[in-house]
Structures are given as C-alpha cells and as structure tokens.
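Q: The following block contains the structure, expressed as structure tokens.
Read the figures in this text as sums done on the coordinates, not as results from a lab. Predicted model only: the values in this text are computed from it and were never measured. Quick reminder, even Gly has a Cβ in these numbers, built from the backbone with ideal geometry, and neighbours come from all protein chains shown.
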Amino acid sequence: MSVPSAAELTRARTARRYVAILLVLAGVIACVLNLLDVSGGALGEFRLLITMGFLLLGPGWAAAGFLRRAPAAHVWLLTLGVGTAVTLIGGQLMVSLGLWYPSVALFLVTLISVPFLLRHAVVAQ
C-alpha cells in the first residue's frame, strides 16, 4: 500500500469541500422549492432530482466527512448507505405511525445534515 502524496490529499480535500457545498445548496434549494409548492413541469422534475439527490447523499456525506484519509470508494459507499438508510427508515417511520409528512421529513433531514456538511466544507479531512 502506497502513501498518498500531499497533492493527492489536497485534491481529495478540495473535492470533499466542493461536494459538501453542493449538497448544502441542494438541501436548501429542495426546501425552498418545497415551500414554493413546485410540482409540475420542468421545475417539478428538477425539484424531484434535487430532493432525491440530497436525501440520498446529504446525510451520508455528513457522516462520511468524519472519516480520516479513507479511500474514495469507502467514502462513497458509506455516503450512499447512510443516505439510503436514513431515507428508508424515515419513510418506514412515517408509514408505521400513520403520519405521512414528507415535507417535514425533508426539513428535518436538512436541518440535521446541513450543519455537519458546512463543517466538512470548512474542515475537510
């Protein structure tokens, strides 16, 4: 196993920062489009893509940002795994409790994920 060079580590940190910033923007945009009740046409499809992208990647990237010098494959596997788990468990809880409020779930996931994503944007590992 070779030791990564300083340039490789810098590129990885920069990439992690950009991903964190993009996910913060995606979460905020998804919440704004939800508040505006955008539901049809091209903007509705954009809202769907942004919302699903954030829900699948945002919570996982917030957790994966705490990994130190992990290979990119590990970071992305953890990101997708945690994001999928959060989304599925949240949906299952809403169904089981009979309280179907996906907007509230989106706001809650965004509220919890964004501070960690902003931290990772400032202090990339």
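Q: May I ask you to say which residue of Ala26, Ala15 is in contact (Cβ under 8 Å) with a residue 12 or more places away in the chain, assigned to a helix (DSSP H, G or I) and either of a type in the set (Gly, Ala, Ser) or under 21 Å from Val122 (Cβ atoms) (or both)?
A: On the way: Ala15 fails: in contact (Cβ under 8 Å) with a residue 12 or more places away in the chain.
Just one listed residue meets the conditions, Ala26.
Q: Looking only at the stretch 51-75, count every residue that is farther than 10 Å from Val19 by Cβ and surrounded by fewer than 24 Cβ atoms within 10 Å (Cβ to Cβ) and tell me the total.
A: 14
Q: Still on this structure: Being assigned to a loop (DSSP other than H, G, I, E, B) and among the hydroxyl-bearing types (Ser, Thr, Tyr) narrows it down to one residue among Ser39, Ser96; which is it?
A: Details: Ser96 fails: assigned to a loop (DSSP other than H, G, I, E, B).
Going through Ser39, Ser96 in turn, the sole match is Ser39.
Q: Among the listed residues Leu48, Leu88, Leu33, identify the single one that is among the hydrophobic types (A, V, I, L, M, F, W, C), assigned to a helix (DSSP H, G or I) and in contact with a helix residue (DSSP H, G or I) (Cβ under 9 Å, 6 or more places away or on another chain). Let's see the steps before the verdict.
A: Numbers: Leu48 fails: in contact with a helix residue (DSSP H, G or I) (Cβ under 9 Å, 6 or more places away or on another chain); Leu88 fails: in contact with a helix residue (DSSP H, G or I) (Cβ under 9 Å, 6 or more places away or on another chain).
Unique residue meeting the criteria: Leu33.
Q: Which one is farthest from the chain's Cα centre (by Cα) among residues in the stretch 7-30 that are under 15 Å from Leu49 (Cβ atoms) and buried (at least 18 other Cβ atoms within 10 Å of the Cβ)?
A: Filtering first and then ranking leaves Ala30.
Q: Is it the case, given these coordinates, that Gly91 is without any contact (Cβ under 8 Å) to a residue 40 or more places away in the chain and within 10 Å of the chain's Cα centre (by Cα)? If you could, list the steps in order and put the result at the bottom.
A: On the way: without any contact (Cβ under 8 Å) to a residue 40 or more places away in the chain: yes; within 10 Å of the chain's Cα centre (by Cα): no.
No, not satisfied.
Q: While we're on this one: How about the stretch 76-125: which of its residues are under 17 Å from Ala26 (Cβ atoms) and among the hydroxyl-bearing types (Ser, Thr, Tyr)?
A: Result: Thr79, Thr84, Thr87, Ser103, Thr110, Ser113.
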